[in-house]
Amino acid sequence: MGKNIQLPTRIREMSAAEYAIVSGVCGDTLPYRFRIWITDAAGVDGRAFTIPTSLISTILEMPETGFFAGVAVGYVASIVNLAYLINVGTDYGTLATSAPEVLVHETTHVWQGKNSTFALSYVFNSVYNQCVVGHAYKYTAGAAWKSYNVEQQASIVEDWYTSGHSTTSPLYHYITDNLRKGDA
Amino acid sequence: MRVRLVVSKAAWVILSIVLAATIACDPSIRVEGTVHDRQGTPLEGVTVILQSEERGPHNTVTAKDGSFGIGIVGAEPRQTKLLFQKDGYKSLEMPLGNEYASKMNVTLEPEVR
């Protein structure tokens with residue numbers, strides 16, 4: 001039986017060290033650092049997940065009256081891409097050192113939100129591909145960037161980074177031709 | 001007001017479902033451990049490769065005390081294995097089984113030339 005969902009108890013701005021790592025991957029196509037927040041919330045079995053602030057109301061227990069405000073604020077947030085919450089559970093304090101694969105993977109979701117017209121679109125894409133299509137993370141290198149679903153894109157970026165982020169990697173052209181150009 | 005309440009509840013349900021499904025996402029494998037030789041001396045500079053059937057390889061190198069940590073997001077442990085490689089030692093391959101989080105104590109045997 002898996003561990004239950006963990007609500008956030010701590011939140012902080014993405015650290016300078018973490019931002020240096022992900023900026024080295026994504027270039028200048030990420031939101032400003034003060035728009036990326038790390039929390040210790042986690043999904044089932046401690047899994048990490050990333051959401052735009054437009055979904056923040058769903059991880060907070062608020063009375064019904066507050067829900068109207070939450071939806072309204074969230075709706076506006078999804079249009080202007082206000083901020084993102086990367087929820088990493090127990091990796092909260094050591095994300096850059098002990099879980100760089102999680103940092104890079106989840107920040108790619110931030111990149112997808114920032115470089116899409118609607119920040120929420122990657123969330124729906126992720127849910128659809130995991131729940132309906134299946135094997136959401138599996139990919140074969142060589143296809144066009146936009147033919148990959150959001151989890152495959154995040155996996156490509158993660159795999160490139162954690163295999164040594166080499167400029168001779170067969171995945172490198174996705175980094176230069178798509179990721180660093182904001183081609184979501 | 002009643003209509004707005006119904007709509008708000010519907011929106012709440014939809015958002016909750018979306019989030020619940022999203023929360024179920026991004027499972028990650030994490031393996032930590034140490035590598036040493038037959039005498040128990042920690043081995044520095046061992047290349048540790050995490051190889052998934054569905055993804056590209058991830059790799060790291062053991063530290064001075066032989067410790068390592070490596071992970072991958074979104075891969076199935078049953079389809080993932082670890083490879084340990086160092087000059088002068090036999091390469092070692094270890095499947096992960098069903099575990100998403102593992103601790104390993106690995107012994108490398110010297111290579112016979």
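Relative to its Kirkwood radius, the Cα radius of gyration of segment B:28-107 gives an Rg/Rh of 0.96. Listed by Cβ neighbour count within 10 Å, with the fewest neighbours leading, A:Glu158, B:Glu111 appear as B:Glu111, A:Glu158.
Between A:Val132 and B:Gln79, the simple label model (points 7 Å from Cα in the Cβ direction) yields a spacing of 2.1 nm. Apply the a/c threshold of 1.5 to the C-alpha gyration tensor of segment A:90-184 and tell me whether it is rounded, prolate or oblate. Rounded, because the longest to shortest axis ratio a/c is under 1.5. Evaluate the distance, in nm, between pseudo-label points positioned 7 Å from the Cα of A:Trp145 and of B:Asn59 along their respective Cα→Cβ axes. Label-label distance for A:Trp145 and B:Asn59, simple model: 2.6 nm.
Considering only DSSP beta bridges with both partners in segment B:28-107, what is the antiparallel share in %, to the nearest 5? Bridges in segment B:28-107 that DSSP calls antiparallel: roughly 75 percent.
As a rough footprinting exposure proxy, the listed residues A:Thr90, B:Thr60 were ranked by other beta carbons within 10 Å of their own, and the order from fewest upward is A:Thr90, B:Thr60.
Ranked for footprinting exposure by Cβ neighbours inside 10 Å, fewest first, A:Phe124, A:Phe34, A:Phe49 give A:Phe34, A:Phe124, A:Phe49. Could you pull out the pairs from A:Lys114/A:Lys181; B:Lys64/B:Lys103; A:Lys114/A:Lys138; A:Lys114/A:Lys146; A:Lys138/A:Lys181; B:Lys81/B:Lys103 whose alpha carbons sit more than 21 Å apart here? The answer is A:Lys114/A:Lys138; A:Lys138/A:Lys181. If R0 is 45 Å, the Cβ-Cβ spacing of A:Leu7 and B:Ser91 corresponds to a FRET efficiency of close to 0.50. Full extension of the chain between B:Ser67 and B:Ser102 yields a length gain of 11.3 nm, computed as 0.36 nm times the residue separation minus the alpha carbon distance. For segment A:136-141, backbone phi angles converted through the Karplus equation (6.51, -1.76, 1.60; θ = phi - 60°) give residue-by-residue couplings of 4, 9, 6, 8, 10, 5 Hz, Gly and Pro being listed as x. Cross-link partners for B:Lys86 among the aspartates and glutamates, with Cα-Cα distance under 12 Å and sequence neighbours closer than 8 places in the same chain left out: B:Asp37, B:Glu44, B:Glu109, B:Glu111. Distance between the pseudo-spin-label points of A:Thr176 and A:Thr117 (7 Å out from Cα toward the beta carbon): 3.1 nm.
Rule-based calculations on the coordinates, nothing more; no lab input. Keep in mind that what you see is a predicted model, and the values were worked out from it rather than measured. Cβ: placed from backbone, ideal geometry, glycine included. Neighbour counts: every protein chain shown.
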